[in-house]
Amino acid sequence: MASFILAIAAVTAACWVPPVDAPVTDVFRLPSCRWCAGNRGLEYGTTPGGAVRAVESGVVSFAGSVAGVRYVVVTHADGLRATYGRMATVSVRSGSSVATGERLGSTGAGFYFGLRDAETPIDPAPRLGRWVRRARLVPIDGSPRRSMAPRLVCRNPDLGR
């Protein structure tokens, strides 16, 4: 029973802040071989200039361009590496520490987010939460509406939530 509780705690603890505020346009599809076609991360439909934020704290292991495309790679405490790609601007440097939610740069017309364990791509979607606003009643007596901050909600298909 204790190991089951620890397993749930480990899964629910991996609820990361989404890297951008945009819809996913192409999901993770692990290729059948190292050189085969697939999608080794998530593609987002972003508008240029949106904020790119760190999903979790870590150390920037790469910040720069590859073949004219801007990337940031953050290595997390558990050894996983998050890749943020097709960025319009980069505002961090290699070797710097970043906190969860810290701005890494801005988006271009599209955005890529990937996750690797050593050289193996893994699906980042189950680790990512989504921001939602609670449903609430709106006053009809003329009093002002109260603003409520959105909350991060995680859904983990393995737990049926």
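The values are calculated or read from the model by the stated rules, or taken from the named source; none is laboratory data. Because the structure is a prediction, the values reported are computed rather than measured. Cβ sites come from the backbone with ideal geometry, for glycine too, and all protein chains shown count toward neighbours. The protein model used for the area step is the full one, side chains on, heavy atoms only, and it has no ligands, DNA or RNA in it. Shrake-Rupley method; radii C 1.70, N 1.55, O 1.52, S 1.80 Å.
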### Task
Look through Arg151, Arg81 and report the one residue that is at negative phi, at pLDDT 90 or above and of a type in the set (Lys, Arg).
Arg81
### Query
So which strands (runs of 3 or more DSSP E) stay within region 35-123 end to end and still have 2 or more residues that are crowded, with 19+ Cβ neighbours inside 10 Å?
41-44, 51-53, 58-66, 69-75, 81-90, 103-117
### Task
Scan region 14-34 and give yes if some residue there is open to solvent by less than 20 Å² (accessible area, probe 1.4 Å), part of a strand (DSSP E or B) and of a type in the set (Val, Ile, Thr), otherwise no.
no
### Message
Among the residues of region 124-139, are any surrounded by fewer than 14 Cβ atoms within 10 Å (Cβ to Cβ), modelled with pLDDT of 75 or more and part of a loop (DSSP other than H, G, I, E, B)?
### Response
no
### Task
Inspect all residues belonging to region 77-87 and state whether any of them is more than 12 Å from the chain's Cα centre (by Cα) and hydroxyl-bearing (Ser, Thr, Tyr).
no
#### Entry: Matching residues, region 66-91, being hydroxyl-bearing (Ser, Thr, Tyr) and under 21 Å from Pro121 (Cβ atoms)
Tyr71, Thr75, Thr83, Tyr84
